[in-house]
Amino acid sequence: MIELLLFWLLLPVAAATGWLTAKHSLRSQSKSMSAGFNLSPEYFKGLNHLLNEEPDQAIDVFIKFIDVDSETVETHLALGGLFRRRGEVNRAIRIHQNLIARTTLLPSQRRLALLELAQDYRRAGLLDRAESLFLELLTTEEHRLYAYRQLLDIYQQEHDWDKAIQIAQQLLNITDEPVHTVIAHYYCEQAEIFRTRRQPAAALIAIQQALVTDSHCVRASLLEGQLALEAGQQKQAILAFKRVEQQDSTYLTEIIEPLQICYQQLGQWEEFTDYLHHILAHYGEITPMLMLAKIIKHEQGEAQAVDFMVKQLRQRPSLRGLDYLLDLAMANVGSITREHLLLLKDMITQLLKNKPFYKCHQCGFMGKNLHWQCPSCKQWNTIKPIPGADGE
Ligand SMILES: [Zn+2]
């Protein structure tokens with residue numbers, strides 16, 4: 001209420017600075033100045049409503065008291081914006097609808113009022129009304145980019161991926177931003193829906209469209225691999241998963257487990273271990289290191305696996321690696337040493353328990369699961385596995 005009161009009290013100051021100078025003739029201007037910057041009975045009536053905490057009545061007075069014209073339109077917009085910021089969206093809508101109904105507005109002022117009203121509707125959750133106003137604003141030069149972004153937000157919120165793709169493709173023509181990355185994710189969203197509905201052929205078409213739009217779309221390759229694996233086509237799945245290395249090697253940790261399943265079903269352990277060694281040598285990540293250690297343990301025994309882990313951890317210290325080394329070590333020690341190691345193991349388990357494995361590069365959001373759209377900043381493709389000693 002204080003903000004609103006302040007606004008009302010500043011109205012005469014605005015008049016004095018020419019903000020609210022009367023639109024009419026010199027005669028009415030001089031009259032208004034001599035009357036003390038328009039401090040009419042209506043002004044005090046409005047002020048009284050505000051002091052009595054009756055903002056709706058104050059708006060009534062405001063709308064009647066201050067004519068909408070090219071000079072006062074900013075005051076109306078400022079008051080509407082003030083209500084929206086305070087969360088009083090219905091009041092903001094009233095002010096902006098009143099503005100748009102006036103025929104005295106310049107075309108640019110009408111567009112500005114439309115933009116404000118569209119934002120009111122969005123804030124009020126009236127998405128269909130907001131959508132139609134933003135679509136109208138696409139035809140304007142000055143608000144086009146903003147309208148495109150708002151429409152994309154609305155379609156994402158509604159999971160209307162067809163419309164999101166359509167609008168994003170138009171946006172591609174007027175901006176240098178990497179919109180194609182986002183469009184690829186929209187196709188992936190469609191693919192996920194088809195996959196859930198057990199329509200693999202339609203899912204595959206959407207995946208191909210994602211890859212045509214953005215050849216570096218890791219999510220599309222992972223989805224393609226999963227679909228192939230579900231269809232019992234392990235070789236195709238392996239090709240799709242391995243594509244991630246060329247697309248974005250920071251996501252390599254995501255393919256280790258699915259690749260293990262593929263190679264296991266094909267009975268090709270040697271090819272799998274060769275690939276793990278290749279990843280480890282070139283990218284030095286923890287997940288392939290742990291997978292290799294487990295294979296060595298299975299094939300050559302615990303002593304060899306311990307040996308491998310000790311060598312690896314000297315080069316690449318890692319909490320998860322240390323945790324696994326303790327598991328291996330505890331199997332072959334006496335009860336007292338085992339007690340000591342268990343204590344250490346408990347501490348590492350506690351440390352790992354709350355460790356996030358993924359982080360958003362845009363806003364710093366961290367979590368245990370991979371989200372393709374950041375839940376915090378809503379950007380696409382900004383969350384990646386955390387590398388290093390306490391990461392993946
Ligand atoms: Zn973020």
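The values are calculated or read from the model by the stated rules, or taken from the named source; none is laboratory data. Bear in mind the structure is a predicted one, so any value in this text is a computation, not a measurement. We place every Cβ from the backbone using ideal geometry, glycine too, and count neighbours over all the protein chains shown.
Couple of notes before you dig in:
- The stretch 336-392: number of residues that are acidic (Asp, Glu) and over 15 Å from Tyr324 (Cα atoms): 1
- Among residues of the stretch 354-373 that are within 11 Å of Ile386 (Cα to Cα) and within 11 Å of the ligand (Cβ to nearest atom), those with a Cβ under 8 angstrom from a residue that is of a type in the set (Ser, Thr, Tyr) and in a strand (DSSP E or B), sequence gap 6+ or separate chain, pair up as Met366/Tyr358; Gly367/Tyr358.
- Tally of residues being aliphatic (A, V, I, L, M) and over 14 Å from Leu114 (Cβ atoms) across the stretch 127-150: 2
- Counted residues, the stretch 374-392 - those being aliphatic (A, V, I, L, M), more than 9 Å from the ligand (Cβ to nearest atom) and under 27 Å from His180 (Cβ atoms): 1
- In the stretch 181-198, the residues that are closer than 14 Å to Trp380 by Cβ and touching a residue at least 40 places away in the same chain (Cβ under 8 Å) reach residues that are of a type in the set (Asp, Glu) and crowded, with 19+ Cβ neighbours inside 10 Å with C-beta atoms within less than 9 angstrom, at least six apart or across chains, in these pairs: Thr181/Asp214; Val182/Asp214; His185/Asp214.
- Comparison of Lys353, Lys378 shows that the only residue that is in contact with a helix residue (DSSP H, G or I) (Cβ under 8 Å, 6 or more places away or on another chain) and either surrounded by fewer than 15 Cβ atoms within 10 Å (Cβ to Cβ) or farther than 26 Å from Glu302 by Cβ (or both) is Lys378.
- Listed here are the helices (runs of 4 or more DSSP H) enclosed by the stretch 146-223 that have at least 1 residues being over 30 Å from Arg111 (Cα atoms), touching a strand residue (DSSP E or B) at 6+ places or on another chain (Cβ under 9 Å) and at pLDDT 95 or above: 179-196.
- In the stretch 322-339, the qualifying residues are those that are free of Cβ contacts under 8 Å to residues at least 12 places away in the same chain and of a type outside the set (Ser, Thr, Tyr), and the one that is surrounded by the most Cβ atoms within 10 Å (Cβ to Cβ) is Arg338.
- Members of the stretch 374-386 found to be over 10 Å from Lys359 (Cβ atoms) and in contact (Cβ under 8 Å) with a residue 60 or more places away in the chain, listed by number: Lys378, Trp380, Asn381
- Lys345 over 26 Å from Glu254 (Cβ atoms) and surrounded by 15 or more Cβ atoms within 10 Å (Cβ to Cβ): yes
- Single residue of Leu319, Leu342 found to be without any contact (Cβ under 8 Å) to a residue 60 or more places away in the chain and more than 16 Å from the ligand (Cβ to nearest atom): Leu342
- Filtered residues of the stretch 88-110 (kept if of a type in the set (Lys, Arg) and buried (at least 20 other Cβ atoms within 10 Å of the Cβ)): Arg91
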